[in-house]
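Some notes on the structure that comes next.
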Amino acid sequence: MTHNIDNRQTQRHSKPTYEVASHCKNNGIDKSEARKIVQMLGRFASRHELEVNAPPKKPRFRY
């Protein structure tokens, strides 16, 4: 017994992608570091790639 599967019924689950330049701007990454990240990842990347390749944040100490 065979079944025909209509291609329109299958769902493709893809990971959401984010624009690297806007992510750097929103997270306060300076322009030189943002340029390096764009060269490395391209214009769009997944959230995990952005978080892993982001520079470490400066500590905020309370006095």
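Observations on the model:
- Each residue in segment 15-25 was checked for being surrounded by fewer than 12 Cβ atoms within 10 Å (Cβ to Cβ) and either touching a Phe, Trp or Tyr at 6+ places or on another chain (Cβ under 9 Å) or among the small types (Gly, Ala, Ser) (or both), and 1 of them qualify.
- Where a residue in segment 3-21 is within 15 Å of His48 (Cβ to Cβ) and in a helix (DSSP H, G or I) and its partner, wherever it lies, is of a type in the set (A, V, I, L, M, F, W, C) and at pLDDT 90 or above, with Cβ under 7 Å and at least six apart: Val20/Ile37; Val20/Val38; Val20/Leu41; Val20/Phe44; Val20/Ala45; Val20/Leu50
- Count of segment 26-51 residues, restricted to those that are part of a helix (DSSP H, G or I) and open to solvent by 90 Å² or more (accessible area, probe 1.4 Å), is 9.
- Selected residue (only one of Thr10, Thr2 is open to solvent by less than 100 Å² (accessible area, probe 1.4 Å) and modelled with pLDDT under 90): Thr10
The values are calculated or read from the model by the stated rules, or taken from the named source; none is laboratory data. What you see is a predicted model, and the numbers here were worked out from it, not measured in a lab. Reconstructed Cβ throughout: ideal geometry from the backbone, glycine too, with neighbour counts over all protein chains shown. Surface accessibility is based on the protein's heavy atoms, side chains included, excluding ligands, DNA and RNA. Shrake-Rupley method; radii C 1.70, N 1.55, O 1.52, S 1.80 Å.
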